[in-house]
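What follows is a set of notes on a single structure, which appears directly below.
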Amino acid sequence: MNQNEVGQFTVGVFQDVPWAERGLEALIRHRFPSEALTILAKDTTEAGNLIKKMLGEDGECVEVKSVGNVVARGPLVDFLQGEESDLATLGLSATMGRVGYQSHDAFIFETLTARGGVLVAIHDEPRAADALSILHCYGGGNAAIGAWVGRI
């Protein structure tokens, strides 16, 4: 899969579920559709409830190298997981390049998530700057937009 097929993700990591919930509520208020959102966090009841509340479906249990068992749902998971359960064997730091992030950014996302943070991603290239602003305003640490695609 090349990056032009993937599109663009804006990613940030909130310190915990309550902070992530506030940020996700702001994204939804600003009309980011739930199908554009991804939530990935260590597998806890609180994180599972957040996914159900915000995305309307249960999260999927996924093994992520260097993080452990996570609960996740959203388009980012599909791109990172690949066909070989790549998150389990490679982790976030090695797979985030598929959506335009350099390894040092991906390592930060992986480390913050492993420490109990909640990774939130928005798959919406036309509104990437809006998503980034909301993530920053509501405490999304190290929020960044993946590499721009499809523009010359």
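Structural remarks
- GNM top mover of T89, T38, T113 - the chain, alpha-carbon springs below 10 Å: T89
- Shown for H136, H123, H104: other C-beta atoms within 10 Å of each C-beta, ranked fewest to most, produce the order H104, H136, H123.
- When each of I134, I28 is scored by the number of other beta-carbon atoms lying within 10 Å, the sequence from fewest to most is I28, I134.
- The share of C-alpha pairs in the chain whose separation exceeds 25 Å stands at 17 percent.
- Sorted fewest first by neighbouring Cβ atoms within 10 angstrom, R29, R22 come out as R29, R22.
- Between K53 and H30, the contour length at 0.36 nm per residue exceeds the alpha carbon distance by 6.6 nm.
- For the range 72-146 versus the range 12-26, the gap between their alpha-carbon centres in whole angstrom: 14
- Computed label-point distance, nm, for sites A114 and E46 using a 7 Å Cα→Cβ extension: 2.1
- Extending 7 Å from Cα along the Cβ direction at H104 and again at A129 yields two label points whose distance is 2.5 nm.
Since every read-out is calculated from the coordinates, none of them should be taken as a lab result. Every value quoted in this text rests on a predicted model; they were computed, and no experiment measured them. For neighbour counting, all protein chains shown are included, and Cβ atoms are generated from backbone atoms with ideal geometry for every residue, glycine included.
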